[in-house]
Amino acid sequence: MAFKQTSLLIEPKELDTSLSDREQLIIAVCSDQVFDRGHIPNSVLVRPEELVSRRIPATGKLPSIESLNQLFSKIGLTKATRVIAYDDEGGGWAGRLLWTLDVLNHTNHALLNGGLIAWHNEGYHLSQEVKSSQNSSYNGKLNKELIVDMKDILASIYDNNTVVWDARSRDEYEGTRVTAEKNGHIPGAVNLDWINLMDQTNNLKLRDLAMLQGKLEKLGITQDKNVITHCLSHHRSGLTYIVGKLLNLNITAYDGSWSEWGNHPDTPVEN
């Protein structure tokens, strides 16, 4: 089985050879503290909270298009720029950033495999210098086909051609961990924790794609299905979204996620 073009996933060694590429924008999605301690040279910072609306209860929903355009203009993104995204946790926030860019029809991007952890552990240089960014006038338009809402999820429960991939932990999925007014999972949803996509013995890089494909196929997540992924706030499912793309799945994301579903009085729940 052929997987997605390797340009969607970049290794530290490959990135190290292209740090001076002026048509490339390296984005660290992390806190100020992590960024200040040391980041990949020529990186610019995007804080995780800048990628979400933070409106209770569905705090992970996409910000307004005006906010996103302002954010990406501030860091100098242009329509011709190739984005390389990384974070310090294995790919959740970086994946969330790349999903956001997909929603804006900016598909020229890649995830750094293993992120900051792999970069540092493989011996590449960390910098504390702040790159002087030139503002741009980014003007993205929303592609709403990649944003799933509550009505879409309700319809998917009765659609045999759609499967919901719950990227939360097993105890969240089963409802034994309390994170909302209601706990459990969307009826019919299947669970593969985002943590299980990472190789804990290899700097949090993605596990073998063929192996991951086999795991997902056993859950009914296949290329002939419409796949919707979510977690609590569409942070962890940022990584599952990227893995879905790598495996050529027809994947979208529910950014309301469990913080919306589990706190709504009329949504059905299984546990």
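The values are calculated or read from the model by the stated rules, or taken from the named source; none is laboratory data. Note that this is a predicted model, so its numbers are computed, not measured. Cβ sites come from the backbone with ideal geometry, for glycine too, and all protein chains shown count toward neighbours.
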Quick check: is even one residue across segment 34-55 among the β-branched types (Val, Ile, Thr), within 20 Å of residue 122 (Cα to Cα) and out of contact with any His (no Cβ under 9 Å at 6 or more places or on another chain)?
-> yes
Lone qualifier among 36, 32, 21 - being more than 17 Å from the chain's Cα centre (by Cα), modelled with pLDDT under 95 and not assigned by TED's automatic domain parsing to the domain that holds residue 254 = 21
If you take the residues in segment 129-160 that are part of a loop (DSSP other than H, G, I, E, B) and touching a helix residue (DSSP H, G or I) at 6+ places or on another chain (Cβ under 7 Å), which one is farthest from residue 77 (Cα to Cα)?
-> 143
If you go through 206, 212, 239, 232, the only one that is touching a helix residue (DSSP H, G or I) at 6+ places or on another chain (Cβ under 8 Å) and without any contact (Cβ under 8 Å) to a residue 40 or more places away in the chain is 212
Within segment 11-34, track down each residue that is surrounded by fewer than 21 Cβ atoms within 10 Å (Cβ to Cβ), β-branched (Val, Ile, Thr) and over 15 Å from residue 117 (Cβ atoms).
-> 17
Looking only at segment 116-129, decide whether some residue is aliphatic (A, V, I, L, M), within 14 Å of the chain's Cα centre (by Cα) and surrounded by 20 or more Cβ atoms within 10 Å (Cβ to Cβ).
-> no
Could you say whether any residue in segment 51-62 is of a type in the set (D, E, K, R) and assigned to a helix (DSSP H, G or I)?
-> no
Over segment 63-95, the set of residues in a loop (DSSP other than H, G, I, E, B) and charged (D, E, K, R) is 79, 87, 88, 89
Contact list, first residue from segment 175-192 and touching a residue at least 12 places away in the same chain (Cβ under 8 Å), second anywhere and among the β-branched types (Val, Ile, Thr) and not in a loop (DSSP other than H, G, I, E, B), beta-carbon distance below 6 Å, six or more apart or interchain, is 186/164; 189/164
